[in-house]
Structures are given as C-alpha cells and as structure tokens.
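Engineer: The structure is given below, and queries will be raised subsequently.
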Amino acid sequence: MKKAAIFCSGEMDDDSVWPAAEREQFLVICADGGLRHARRLGITPDVVIGDCDSSKEPYPSSVAQFVYPPEKDATDTNLCLDYALSLGCTQIWLFGGIGGRLDHEFSHFCLLLYALRRGAEVKMVNGQNEIWMIDHSFFLERTEKKYVSFFPYGGPVEDFCIRGLKYEADHMYLDCGKVQASCNEFAQEDIAQISFREGGILLVMLSKDKT
C-alpha cells in the first residue's frame, strides 16, 4: 500500500500527530502554504504543488514543484491529491486541512469523497480529530480520542448497525437532515463493528476535547 501525506495551509495545532518514526513510509506533498508546516517539522517534501498565493516564502529550488496559475478549476489540495493518486497512493493523510478558512475546510470534505470514488482513503488529522469516509462495513479500534461520530454523506445510509460501542444500533436509517449517531464512545470493548447497506457513504469522526 502506497502512502502519502499532504500538508495544507490550514491550522496544524499539534505537531505530535505525525510521529517521526512513521514518516519514512510516506510520500510528502505540500499544497502551497502548507510548506510552512513541513518546514516547522524539519521535513523536506518530495514535491510542492500550488499557485504561490498562500505561501509566504518561495518554494525551495531543491524540491520538485508544479506551479499553477491562481485562476484554475481545482484547489491546490485537489492537485496534490491527484498527484498522489497518479502514483498509486491509496492511503493519504491530510494535515492542516482542518481550521482556518471554512470554505477550504469544507472543500476537503468533498475531497474525501473524491478520493473514495477513486479507491483511496483520505484521512484528515489534527490534534483533536481524525476524519474519513468509507463506503463499506468495517471494524473500528479504540484510540485515545474519546468520541466516535457517524454521519451520512451525500445521501442516506441504510441498515446502519453498531456493535461494541457504548450505544449500539440496529438497522438504523441515517438521514442527511438529522443528527442520529454522534458522540458515541467505547465502553468495555476495544473493537467495534460498524455495518451498513452497500451504496451508502459514511463520514466517520474520532474526536477528543481540547486540553
């Protein structure tokens, strides 16, 4: 499985979310202003992609770069995602994708679905949250993040079932106009089983309170 990490120009509130021991496994891509996060972590990206409108410093000449005009149909993050997908990456972490401008943040939720349709999982990560989309039943392991929330995306999720969390569910119909499966948590089990009918798209959020 090929992996990539994309640094966006939003907020990155906890540098410890990406342990140094894990970084060698990843292709590192910076989306324009996300270059500052990589520099702060002492990471040299494999490539920088963008239109130079949010980066306060020039792109390093020693690093591969693709520069686009500001007037374009795709965001810098979308271009980075396309680059990762073109290289066969199927697991992609998005840092700096949460916080900052709300329009940018919402566009990243759209990109979760964009990647899912292309056979890849994009996970948005910061100190408080892990967020991804999935289109099939799965097992979920306990993490240090206390709260587990589920939302239907782009349409209903049918026959939604939860086993192994504090609040279990049987054959629920999750509607986009309701909040029905948020703020759950692990109790005694360390692994939960989440199942739903084929055709639904589930947005999964693991969160914890800010300390």
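Engineer: Quick check on this structure: which one of Val63, Val17, Val28 is assigned by TED's automatic domain parsing to the domain that holds Ala120 and more than 22 Å from Ile131 (Cβ to Cβ)? Give the steps one after another, and end with the answer.
Structural biologist: Working: Val17 fails: more than 22 Å from Ile131 (Cβ to Cβ); Val28 fails: more than 22 Å from Ile131 (Cβ to Cβ).
So the residue among Val63, Val17, Val28 that is assigned by TED's automatic domain parsing to the domain that holds Ala120 and more than 22 Å from Ile131 (Cβ to Cβ) is Val63.
Engineer: Taking Leu87 as the residue in question, decide whether it is at pLDDT below 95, surrounded by fewer than 16 Cβ atoms within 10 Å (Cβ to Cβ), among the hydrophobic types (A, V, I, L, M, F, W, C) and not assigned by TED's automatic domain parsing to the domain that holds Arg197. Don't jump to the end; show me each part of the working.
Structural biologist: Numbers: at pLDDT below 95: no; surrounded by fewer than 16 Cβ atoms within 10 Å (Cβ to Cβ): yes; among the hydrophobic types (A, V, I, L, M, F, W, C): yes; not assigned by TED's automatic domain parsing to the domain that holds Arg197: yes.
The answer is no for Leu87.
Engineer: Going by what's in this entry, would Leu112 be described as out of contact with any Lys or Arg (no Cβ under 7 Å at 6 or more places or on another chain) and either part of a helix (DSSP H, G or I) or within 22 Å of Gln25 (Cβ to Cβ) (or both)? Steps first, answer last, please.
Structural biologist: Details: out of contact with any Lys or Arg (no Cβ under 7 Å at 6 or more places or on another chain): yes; either part of a helix (DSSP H, G or I) or within 22 Å of Gln25 (Cβ to Cβ) (or both): yes.
Here the answer is yes, as Leu112 does meet what is asked.
Residue-by-condition table, conditions (1) of a type in the set (Phe, Trp, Tyr); (2) touching a strand residue (DSSP E or B) at 6+ places or on another chain (Cβ under 8 Å):
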| residue | (1), (2) |
| --- | --- |
| Trp18 | yes, yes |
| Arg39 | no, no |
| Ile43 | no, yes |
| Val47 | no, yes |
| Phe66 | yes, yes |
| Ala84 | no, yes |
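Engineer: Could I ask something else about it? So which of Gly127, Gly164, Gly119 ends up being more than 14 Å from Leu203 (Cα to Cα) and either of a type in the set (Val, Ile, Thr) or buried (at least 17 other Cβ atoms within 10 Å of the Cβ) (or both)?
Structural biologist: Values: Gly127 fails: either of a type in the set (Val, Ile, Thr) or buried (at least 17 other Cβ atoms within 10 Å of the Cβ) (or both); Gly119 fails: either of a type in the set (Val, Ile, Thr) or buried (at least 17 other Cβ atoms within 10 Å of the Cβ) (or both).
Criteria check complete, one pass: Gly164.
Engineer: Would you call Leu35 within 18 Å of Glu105 (Cα to Cα) and either assigned to a strand (DSSP E or B) or in the same structural domain as Gln91 (by TED's automatic domain parsing) (or both)?
Structural biologist: Details: within 18 Å of Glu105 (Cα to Cα): yes; either assigned to a strand (DSSP E or B) or in the same structural domain as Gln91 (by TED's automatic domain parsing) (or both): yes.
It is true that Leu35 is within 18 Å of Glu105 (Cα to Cα) and either assigned to a strand (DSSP E or B) or in the same structural domain as Gln91 (by TED's automatic domain parsing) (or both).
Engineer: With (1) in contact (Cβ under 8 Å) with a residue 24 or more places away in the chain; (2) outside any helix (DSSP H, G or I); (3) not acidic (Asp, Glu) as the list, and Pro70 as the residue in question, which single condition is left unmet?
Structural biologist: Of the numbered conditions (1) in contact (Cβ under 8 Å) with a residue 24 or more places away in the chain; (2) outside any helix (DSSP H, G or I); (3) not acidic (Asp, Glu), the odd one out for Pro70 is (1).
Engineer: Go through the residues of segment 12-20 one by one and say whether even a single one is in a loop (DSSP other than H, G, I, E, B), charged (D, E, K, R), on the phi < 0 side of the Ramachandran plot and surrounded by fewer than 18 Cβ atoms within 10 Å (Cβ to Cβ).
Structural biologist: yes
Engineer: Is it the case that Leu94 is within 22 Å of Phe106 (Cβ to Cβ), part of a strand (DSSP E or B), in the same structural domain as Lys123 (by TED's automatic domain parsing) and in contact with a helix residue (DSSP H, G or I) (Cβ under 8 Å, 6 or more places away or on another chain)? Don't jump to the end; show me each part of the working.
Structural biologist: On the way: within 22 Å of Phe106 (Cβ to Cβ): yes; part of a strand (DSSP E or B): yes; in the same structural domain as Lys123 (by TED's automatic domain parsing): yes; in contact with a helix residue (DSSP H, G or I) (Cβ under 8 Å, 6 or more places away or on another chain): yes.
Considered against the rule, which asks whether it is within 22 Å of Phe106 (Cβ to Cβ), part of a strand (DSSP E or B), in the same structural domain as Lys123 (by TED's automatic domain parsing) and in contact with a helix residue (DSSP H, G or I) (Cβ under 8 Å, 6 or more places away or on another chain), Leu94 comes out as yes.
Engineer: For Gly177, are the conditions met, namely being out of contact with any His (no Cβ under 7 Å at 6 or more places or on another chain), at pLDDT 95 or above and closer than 26 Å to Cys89 by Cβ?
Structural biologist: Numbers: out of contact with any His (no Cβ under 7 Å at 6 or more places or on another chain): yes; at pLDDT 95 or above: yes; closer than 26 Å to Cys89 by Cβ: no.
Considered against the rule, which asks whether it is out of contact with any His (no Cβ under 7 Å at 6 or more places or on another chain), at pLDDT 95 or above and closer than 26 Å to Cys89 by Cβ, Gly177 comes out as no.
The values are calculated or read from the model by the stated rules, or taken from the named source; none is laboratory data. The structure presented is a predicted model; accordingly, all values stated were derived computationally and were not measured. Cβ: placed from backbone, ideal geometry, glycine included. Neighbour counts: every protein chain shown.
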